[in-house]
Amino acid sequence: MIPLSWYLIFAAGLFSLGLFGVLARRNAVAILLGVELMLNAVNINLAAFWRYGNITNMAGQVFAIIVFAVAAAEVAVGLALVISVYRRHNTVTADEIDMLKW
Amino acid sequence: MDFLKDPLKLAADWLIGLMTGWGMPEGVATGVAAFLGIFVLIAILMVIDIFLVWLERKVVARFQDRIGPNRLGPFGLIQPFADIIKLLIKEDITPANADKVVYNLAPMLSMMSVLILWAIIPLAPNILGVGVDLNVAALYIIAAGAIGTLSIIMGGWSSNNKFALLGAFRQVAVMVSFEIPMVASLLIPTVLAGSMGMNAIIEKQNIWFFILSPLGALIFLIAAIAELGRAPFDMGEAESELISGYNVEYSGMKFGMFYAGELLHAFTFGGFWGILFFGGYRFFGLEDVSPFLSIPILLFKAVIGYWIIMWVKYTMMRIRIDHMLAFNWKFLTPLSFALLVVTALVHVLFKDAAPWVYGLSMFLSNLILGWIVVEFLRRYSRAEREKVEGPAKPAIEAAGH
Amino acid sequence: MTTAQIIFLVVAAVTLGSAFMVVTTRNLIHAALWLVATLFGVAVMYALLDAGFLAVVQVVVYIGAIAILFIFAVMLTRKEMRDQGPQLNSGWWMSALLAVLTFGALVSMLWGWKDMEKVAMDMPVGFDSVSALGDALISPNAFVLPFEVASVLLLAALVGAVYVAFNPRHGDSRK
Amino acid sequence: MTTETLIWLIPLPPALAFFLIVLFTNKSKALSHSVGVGAAILSWLASMVVFFRALGVEHLGEHPYVSSVNWLPTGDTWFKIGVAIDPLGAAVLFFVSITIFMIFLYSVGYHNFGQPAGDHDRKGLPPHGATVEEHGHKHVVPSVEPMYSRFFAFLGLFAFGMYTLVVSDNLLTMFVGWEIMGLCSYLLIGFWYGKPSARAAAIKAFMTTRIGDVFMLLGIGLLYSLTGTLNFREIFGNEELMHTLATPGTTLFGLSLAGLIALLLFIGTVGKSAQWPLHVWLPDAMEGPTPVSAMIHAATMVSAGVYAVIRMFPLLSLDHNTMTVVAFIGTFTAIFAATIAVAQNDIKRVLAYSTISQLGFMIAALGIGAYVAAAFHLITHAFFKALLFLGSGSVIHGMEHGVLHTGNHSVDPQDMFNMGGLRKKMPITFWTFVIGGFALSGFPLITAGFWSKDEILADAWAHGHLTVFITLALAAFMTAFYTMRQITLTFLGEPRTKEAEHAQETPWTMTVPLMVLSVFAIGYGWVGIPEHFPVLGGILPNWFHDFVGHTLHEVPEAPEFSWVPLLTSLGVALGGLFLGWLYYRNVNSAKEDFFQIPVLKNKWYHDEAYQKVFIQPVIWLSEVFTPGMDKGLIDGILHIFDPITSGIGAWIRKWPDLWLINEKIGDGLADITQEAGRTLRPIQTGRIQQYMLFSLVILVIVGAILYFTLGVGL
């Protein structure tokens, strides 16, 4: 059978890729894509710990569901913000959205 | 007798035994057998699909007071094969500047989203089905729909055509919106049966759920038609406005896949309607006579459902997109939620009562909710009309002038 | 190596590969489509973990809603962000280094952990994880409060998103 | 529906009513009071169902209705909150639900629902009446309260707090209800916030009770840190724990831990139940809308304080010293407030002091260990004091009618010397008021007050607390005396003013609650007739003692029957009533009243004393030090230093200050800061990804340091 470590390392890889996306992509929408990857990595961990721990304790799955809800909320608000910014400043490049300085 | 009871299992066992005899490992042999099963199922579906084309053309002709295909073969039965040959030998065009990978992927995904639905359709109670009794089957329907949505937006976007993109946008907006009443109406059989599994839902239908929840069945049908993108909700294609919507740039067999996918999708949803609300493979004990009878029963119900969907399609006008979305968000969604709450409430209150009390209260609650809705609609439409035409005049006075 | 392990490795490779494409590909629509592939891979992971409900919800919510939303957002902001030009910012090598470091640190920290090679127990007979999950979500002795809070969050996000994305130049209905 | 579910639901309707009224129905008066009264009815019905189901349960004390849910995770365990109804809770729920329902109903009439809006009424002031034209001539009628809906919203919130307090099974939710009532008390006393006196009274009530509440919170905290739970049953049912807590001499003053906790909690009660020395807020609370908020401060909310002490009785009774303190405070308050009540002229203030005094009775009863007697008096008192307050509100309402009629606004409608002869004008109010008054005085045999007060006296006698017995007897005598004084001055004789002549009976929404409550003011005593009482004893079983007594693990013994307390209570009640009537039937104005002794009239100079002890010394200190010390001595010395310091100052200013500090250090620092800012400014780029990168780099570095050098980690 598959050991727990496989899932954890897979999730760590997914997380790191998401982190790279968040830090390195120029497009604000792409940054949000990276965030989604990170959230998915976390969810895999939650599901894996549920499966490999006490299976009658549903906390892992419940938390995963709540992460789904949070992700949906995050995307809705995040994309709304991106579109709003795009309307005002005509850009979605994260480096150019730097009104909040000095 | 074993053969009659479970012929597929027998065949599968024989096949696996044969292959292990050739020196194949057990796991691989099972995999190959399963793959073969899937292949056979899909092949049968494709054949059904071909006849659906004929059926569709014949029925639309009758609706429109025509005869329909009648030249090739008896009743024009060979006509669909001619259609296929035509599609195959047509020039396969890929537009310039199209995103080729995505463009070619879209029709496949579209077909796939329909075919994977058949993974959960219970063809018969005790024949080893290719299908799985998934414990989240009701949600699986929505998930497969999500892939269909994706295929449409992929097709619309990658064609690099404004009409295609517009059509895809409209279609996706409709599909995403109507998913909500669809989920709510799917939850009604779930509540009634206490399970999301298709087999469990069918086993619980000693009384058809259509009788327990006619309103739920109606909402599911409306949402399903919208998911399918058929008239009166065919915003995505809207032949007279958008030429053909998201698939305008497709030709040849790629278009054929979209087209066949749509027909099969309609047929499949007819089947789901039958499974969720009309007892699936059960027909007053007929299914116990022979397991083979279950499959025709289910297919018969699916055809009935498909016929109703066609009936709606060819007798209704297209609805404007804003009306359609308003209808969904302001009417269908609240109604489906209200129905879900009422159903759950009645279920909890009466689940220990005698079956006829339970059924009657379920039916009556649906009836009352429906009556309230109709009454509300009547008042609303009257108010709307008066806003446009001014207050209605009494008939006698009007006649006097 | 069992069938499950082979499936896992294939799916993991495909998923990580598509995740890599998500963060590197130039065309944002393609990035979103690669994201769909990644999410699908994650859904298969859930299925491998016997979390069928999560798998289906993953497809419904992520692919059916979130990914579509991404594609819409990309199209709505497309004029500016053409597919040419660098898609990574100037400090991307530092980010890459950091991501690799994070991965290395996570793996090296996990390496010595005692439960690392743990193998899952079989599912108890008759245990229906979907109904257990349903019970857990609405039982006052379990997670009903987080569940309600999450629904309030969704409502707030809905209102917030509508307000933020509302374009006052077009038809202000509040007149 | 199971009883447990029903108990959960009891507090909800009023809370829902509060939100509904505040958010939606605020504009419509009729809708608001329908929502409010409807919620009160729902809660009342639920309470009645629970109460009668509780009656049917055998051994409810051992197996109360309990239900709890997880609320906060505290590490491995959950902090549970829940509801419980044991015999005490059921009995309290009974009277609370009835009185709250009655208040809601009464408020409809009291705030003149259905009358026109006032001519120049403003929000935050009592209505002044409206002029209406009828048949060609104008006359003034009462006008509707401008903030009518808001009043019902507040009442709803209040009821929610009270129900929460009664049904909760732990100190924390009880405290929550307690504080909600504190807030509502503030809001309702200051309801007419346009009046400066109401504002001051609201603040006073809030601050005074807060003193007690802080101590109570300390007590709760201490209890939780010692036991790890706040659930009553878990604490009292744990014999080992109780034994540990009862070990004497472990804390300050030689109190046991139980004693200290009980004392801290008791201080909360002292504030909430207006015991001496924190009683000063209650009389001032009469600034609120007359009978209703006053009634809250008499029948339900202040009872909550006593209820809390009764709840905590198992803890309280562990330490003898604490019991003595409680007994002393209760007894002293009883006699002390009674003396003040004798000299008050405001009809509501008499009742306010009477309330303080009666609460003193209950506290004293608890202090001597008379658990059942205290609970019994709590309930009977709630009924008849609610009745009296609502009656006095009815009287004031009638008098206001007279005032509007004559238009002479200088006449105080609350001054008893302006009344007289109202029995003919307001018969229902009169008879119900007499019933309430006699119950308060303990009129023998037929009234509820007699039985409960007699039981307290009997307990005091039986347990040998002679001082307590004598003092309480004296207080009971004075109670009867001032009650009769009140009845005589208000209702008997002839009208002393024109306004009293034109007083009018109030509408049915006000009189019906009076009648309902008077039934209980008489009848409720019959459930607690002691078994060995001559003649009457044994006809009806002593149900109350059997029922409520089972709340405790060891059922308290009913006191042995003795003639001494019986004769005493007969004597003081009848004597006080008779003397009061005898004296006051001839008194026509405040000047003729012998008991207008300044010291009593001025409440033993209590407010003044607080002024003197806490506020004056501060003012005095500052005044003393200003001319002599400050102006003479210190200023003189300073004047000598003036030229010297000026010189030094000039030098310092020139060199160290201007040159060194200003130019070099001050400006230098500014320059450095500015330069640093200019240099560092590029770091704040406004680019979110850079920020994330920086913080992550730092996180990784810190994590690496922690992991590799300090060994923090897995």
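The values are calculated or read from the model by the stated rules, or taken from the named source; none is laboratory data. Quantities reported herein were computed from a predicted structural model and do not represent experimental measurements. Counting neighbours? That spans all protein chains shown, and the Cβs are built from the backbone with ideal geometry, glycine included. Only protein heavy atoms, including side chains, enter the accessible area calculation; ligands, DNA and RNA are left aside. Shrake-Rupley method; radii C 1.70, N 1.55, O 1.52, S 1.80 Å.
In this structure, does D:SER392 turn out to be in contact with a Pro (Cβ under 7 Å, 6 or more places away or on another chain) and not β-branched (Val, Ile, Thr)? Yes: the conditions hold for D:SER392.
For (1) modelled with pLDDT of 75 or more; (2) under 26 Å from A:SER5 (Cβ atoms); (3) touching a Pro at 6+ places or on another chain (Cβ under 8 Å), each residue gets a yes or a no:
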residue: C:VAL74; (1), (2), (3): yes, no, no
residue: C:MET81; (1), (2), (3): no, no, no
residue: C:LEU88; (1), (2), (3): yes, no, no
residue: C:TRP93; (1), (2), (3): yes, no, no
residue: C:LEU97; (1), (2), (3): yes, yes, no
residue: C:THR102; (1), (2), (3): yes, yes, no
residue: C:VAL107; (1), (2), (3): yes, yes, no
residue: C:GLU117; (1), (2), (3): yes, yes, yes
residue: C:ASP122; (1), (2), (3): yes, yes, no
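Take the conditions (1) out of contact with any Lys or Arg (no Cβ under 7 Å at 6 or more places or on another chain); (2) touching a residue at least 60 places away in the same chain (Cβ under 8 Å); C:ASP50 misses just one of them, which is (1). D:LEU570 meets the stated requirement of being modelled with pLDDT of 80 or more and either on the phi < 0 side of the Ramachandran plot or outside any helix (DSSP H, G or I) (or both). Among the residues making up the stretch B:305-334, those that are farther than 19 Å from B:GLN171 by Cβ and open to solvent by less than 80 Å² (accessible area, probe 1.4 Å) are B:GLY305, B:TYR306, B:ILE308, B:MET310, B:TYR314, B:PHE331, B:PRO334.
Table: residues versus (1) in contact with a Phe, Trp or Tyr (Cβ under 8 Å, 6 or more places away or on another chain); (2) small (Gly, Ala, Ser); (3) free of Cβ contacts under 8 Å to residues at least 40 places away in the same chain.
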site	(1), (2), (3)
D:GLY56	no, yes, yes
D:HIS59	no, no, no
D:GLU62	no, no, no
D:GLY89	no, yes, no
D:PHE101	yes, no, no
D:HIS111	yes, no, no
D:ASP119	no, no, yes
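Looking across the stretch D:461-487, just one residue is at pLDDT below 85 and in contact with a Phe, Trp or Tyr (Cβ under 8 Å, 6 or more places away or on another chain), and that is D:TRP461. Residues of the stretch A:78-90 that are more than 7 Å from chain C (Cβ to nearest Cβ) and either open to solvent by 40 Å² or more (accessible area, probe 1.4 Å) or more than 12 Å from A:VAL35 (Cβ to Cβ) (or both): A:VAL85, A:ARG88, A:HIS89. The lone criterion from (1) out of contact with any helix residue (DSSP H, G or I) (no Cβ under 7 Å at 6 or more places or on another chain); (2) crowded, with 16+ Cβ neighbours inside 10 Å; (3) within 28 Å of C:ARG26 (Cα to Cα) left unmet by B:ILE93 is number (2). The number of residues in the stretch D:187-210 being of a type in the set (Ser, Thr, Tyr), surrounded by fewer than 20 Cβ atoms within 10 Å (Cβ to Cβ) and part of a helix (DSSP H, G or I) comes to 1. Is there a residue in the stretch B:184-206 that is modelled with pLDDT under 85, open to solvent by 10 Å² or more (accessible area, probe 1.4 Å) and in contact with a Ser or Thr (Cβ under 6 Å, 6 or more places away or on another chain)? For the stretch B:184-206, residues modelled with pLDDT under 85, open to solvent by 10 Å² or more (accessible area, probe 1.4 Å) and in contact with a Ser or Thr (Cβ under 6 Å, 6 or more places away or on another chain): present. Each residue in the stretch B:199-225 was checked for being aliphatic (A, V, I, L, M) and closer than 15 Å to B:GLY270 by Cβ, and 7 pass.
Residues that are at negative phi, more than 13 Å from chain B (Cβ to nearest Cβ) and small (Gly, Ala, Ser) do not occur anywhere in the stretch C:49-62. Assess whether D:THR5 counts as being of a type in the set (Ser, Thr, Tyr), more than 24 Å from the chain's Cα centre (by Cα) and under 28 Å from D:ASN170 (Cβ atoms). Answer is yes for this residue. Considering only residues in the stretch B:254-303 that are on the phi > 0 side of the Ramachandran plot and open to solvent by less than 10 Å² (accessible area, probe 1.4 Å), the one that is modelled with the highest pLDDT turns out to be B:GLY279. Checking each residue in the stretch C:156-170 for being open to solvent by 70 Å² or more (accessible area, probe 1.4 Å), in a helix (DSSP H, G or I) and at the interface with chain A (Cβ under 9 Å from one of its Cβ atoms) picks out C:LEU158, C:VAL162, C:TYR163.
For the stretch B:141-177, taking the residues that are within 12 Å of chain C (Cβ to nearest Cβ) and of a type in the set (Phe, Trp, Tyr), the one that is nearest to C:LEU33 (Cα to Cα) is identified as B:TRP157. Among the residues of the stretch C:107-146, the one identified as open to solvent by less than 50 Å² (accessible area, probe 1.4 Å), assigned to a loop (DSSP other than H, G, I, E, B) and under 24 Å from C:THR2 (Cα atoms) is C:ALA120. Scanning the stretch D:75-92 turns up no residue that is within 25 Å of D:GLY391 (Cα to Cα) and either open to solvent by 10 Å² or more (accessible area, probe 1.4 Å) or outside any helix (DSSP H, G or I) (or both). Yes or no: the stretch D:59-66 includes at least one residue that is at pLDDT 80 or above and of a type in the set (A, V, I, L, M). The answer is yes; a qualifying residue exists.
Let's see how each residue does on (1) open to solvent by 10 Å² or more (accessible area, probe 1.4 Å); (2) facing chain C (nearest Cβ under 7 Å); (3) free of Cβ contacts under 8 Å to residues at least 24 places away in the same chain:
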| site | (1), (2), (3) |
| --- | --- |
| A:PRO3 | yes, yes, yes |
| A:ALA24 | no, yes, yes |
| A:VAL35 | yes, no, no |
| A:ASN45 | yes, no, no |
| A:GLY60 | yes, no, yes |
| A:ALA76 | yes, yes, yes |
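Pairs meeting the criteria (first residue in the stretch D:178-189 and under 15 Å from D:MET295 (Cβ atoms), second residue among the hydroxyl-bearing types (Ser, Thr, Tyr) and at pLDDT below 90, beta carbons under 8 Å, at least 6 apart or on different chains) are D:SER185/D:THR209; D:SER185/D:SER293; D:LEU188/D:SER293; D:ILE189/D:SER293.
Scanning the stretch B:182-200 for residues that are in contact with a Phe, Trp or Tyr (Cβ under 8 Å, 6 or more places away or on another chain) and in contact (Cβ under 8 Å) with a residue 60 or more places away in the chain yields a count of 6.
Taken residue by residue, the stretch C:11-32 has at least one member that is within 14 Å of chain B (Cβ to nearest Cβ), open to solvent by 10 Å² or more (accessible area, probe 1.4 Å) and without any contact (Cβ under 8 Å) to a residue 40 or more places away in the chain.
For the stretch D:614-625, the condition of being closer than 30 Å to A:LYS101 by Cβ and either assigned to a helix (DSSP H, G or I) or away from chain A (no Cβ under 14 Å) (or both) holds for none of the residues.
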